[in-house]
Amino acid sequence: MSKIDELLVDVARLVESGRSNQMSLTVVAGGAVITGRLAPEAVWRQRVSEVLADSDRLADFSAVFAAEPKGESPTHLHFHLARILQGTVGIPETGGMYRVSIADVSAWTMGDVSYSDH
């Protein structure tokens, strides 16, 4: 997006301030459609850190995500329980953790987009 959508920044700012993880959003970024719930960056980082800490091979990376985010205006959306939509399938099936630059979002809508996993 050549000009960052301030409305989307306001949505991200509100998620950050309320520490809520209930805002559902669908975005198009880099040609991919990502749908899921937004989380505050600190909550997202904590969850990623926990997952990495539980891994024998990736535990060393846990500390990178455990660091507190800077208190600046949001530059990224932090999705959890999210899927990349590909045709009629959502990947991964159980939902994933995605960080998307607001500057890369070319379209967005409130709510999850339905898909069929059958």
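The values are calculated or read from the model by the stated rules, or taken from the named source; none is laboratory data. Please read these numbers as outputs of a predicted model, since none were measured by experiment. Cβ atoms come from the backbone with ideal geometry, glycine included; neighbour counts cover every protein chain shown. Surface areas here come from the heavy atoms of the whole protein model, side chains and all, with no ligands, DNA or RNA. Shrake-Rupley method; radii C 1.70, N 1.55, O 1.52, S 1.80 Å.
One residue alone among 113, 105 is modelled with pLDDT of 95 or more and of a type outside the set (Gly, Ala, Ser), and that residue is 105. Taking the conditions exactly as written (assigned to a strand (DSSP E or B) and in contact (Cβ under 8 Å) with a residue 12 or more places away in the chain), does residue 4 satisfy them or not? No, not satisfied. Scanning segment 6-19 for residues that are open to solvent by less than 60 Å² (accessible area, probe 1.4 Å) and either modelled with pLDDT of 95 or more or of a type in the set (A, V, I, L, M, F, W, C) (or both) returns 8, 9, 11, 12, 15.
Summed over segment 53-105, the residues that are open to solvent by less than 80 Å² (accessible area, probe 1.4 Å) and assigned to a helix (DSSP H, G or I) give a count of 8. Please determine whether any residue of segment 35-56 is of a type in the set (Val, Ile, Thr) and closer than 14 Å to residue 108 by Cβ. Yes, that holds for at least one residue. Given the condition over 11 Å from residue 36 (Cβ atoms), touching a residue at least 60 places away in the same chain (Cβ under 8 Å) and of a type in the set (Ser, Thr, Tyr), answer yes or no: does some residue in segment 74-97 qualify? Scanning segment 74-97, I find no residue that is over 11 Å from residue 36 (Cβ atoms), touching a residue at least 60 places away in the same chain (Cβ under 8 Å) and of a type in the set (Ser, Thr, Tyr), so the answer is no. Scanning segment 31-47 for residues that are part of a helix (DSSP H, G or I), open to solvent by less than 40 Å² (accessible area, probe 1.4 Å) and free of Cβ contacts under 8 Å to residues at least 40 places away in the same chain yields 41, 42. Applying the criterion of being more than 10 Å from residue 110 (Cα to Cα), at pLDDT below 90 and of a type outside the set (Gly, Ala, Ser) to the residues of segment 20-30, the residue that is most open to solvent (accessible area, probe 1.4 Å) is 22.
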